[in-house]
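Have a look at the structure below, then the notes.
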Amino acid sequence: MRYVVFNQKGGVGKSTIACNLAAISAAEGLRTLLVDLDPQGNSSHYLMGSPAEDASHSAAAFFEQTLRFTAKLSDIHGHIVATPWENLDLLPSHPSLDELHAKLESRYKIYKLRDALEEIGQTYDRIYVDTPPALNFYTRSALIAAQGCLIPFDCDDFSRRALYTLLDNVQEIRADHNEELKVSGIVVNQFQPRATLPQKLVQELIDEGLPVLQPYLSASVKIKESHQLSRPMIHLDARHKLSQELVALHQQLKP
């Protein structure tokens, strides 16, 4: 199963959710790949720390290779690296993704990621794709490559307004490029149950019939420690409330 974690709004927890779900999948014995398409490389640093800065093994190197007529889809294997966590591999980001963007778009390489992930599909049980906070070439590539879309939602009015446009964009990709793509759910992040506004906003989404997943992910300073140490929550403190919420969220995802 291939999931894309997508929101056009930055700072909503895309990388945190993608990495932690991938780490949980791997910890449960599923062969897992995380693909980091955000030039900022937050997911890569979260899982690997500084070693993720090697340009020779990266999503940028893979996409650059697709510009050559001699490239094979199976070549993506050469750009995937093992993480410190058993069963979890990474196709790291690199800042040069920004430089490649216009060239890839003009050469219409939008289906290359899908084709490559399908080519190596037997190698992995779960694939998660982290995306930039924009609807650009890399995000469209990820939506075309995925079967399920997870949408982080951080409980403010700006996020709610952006959500409807985002859902329309996903439906357009589904109609034009990828009939398999479905919205697997909205992931409520940084939830504060004692605050009135988050409760009100989430309930309104539910009342509208939108696929809001439970449990909601609590706001916690522990996640900052997790980022700093490059240790997903399941490996940092498996008994922590947020770790347990992430495990329960993972169980909601269809295989």
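Values quoted throughout were computed directly from the atomic coordinates according to the rules given, and no laboratory measurement underlies them. Fair warning: this is a prediction, and the values are worked out from it, not measured in the lab. Reconstructed Cβ throughout: ideal geometry from the backbone, glycine too, with neighbour counts over all protein chains shown.
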Query raised in the report: Between Asp168 and Phe69, what FRET efficiency follows from the Cβ-Cβ distance if R0 is 41 Å, with the result rounded to 0.05?
Result: 0.70
Query - Pairwise centroid distance, computed over Cα atoms, of the stretch 134-158 with the stretch 176-236, Å - result: 14 Å
Report summary line: One checks the Cα atoms of the stretch 165-219 and finds Rg and Dmax, in Å, of 13.5, 42
Report summary line: Of the listed pairs Lys14/Lys182; Lys182/Lys254; Lys9/Lys182; Lys9/Lys224; Lys9/Lys103, those with alpha carbons more than 22 Å apart are Lys9/Lys103
**Report entry** Gyration tensor over alpha-carbon atoms, the stretch 103-164, equivalent ellipsoid semi-axes in Å
**Finding:** 25, 17, 7
Query raised in the report: So if we plug the beta-carbon distance of Gln228 and Arg107 into 1/(1 + (r/R0)^6) with R0 = 35 Å, what FRET efficiency do we get, rounded to 0.05?
Result: 0.35
**Report entry** Cα-only radius of gyration and Dmax that characterise the stretch 104-235, units Å
**Finding:** 16.8, 50
Report task. Assuming R0 = 25 Å, can you tell me the calculated FRET efficiency for the pair Glu180 and Asp237, based on Cβ-Cβ distance, to the nearest 0.05? Result -> 0.10
Requested in this report: Would you mind computing, in nm to one decimal, how far apart the modelled labels at Gln147 and Gln244 are, each placed 7 Å from Cα along Cα→Cβ?
Outcome: 3.1 nm
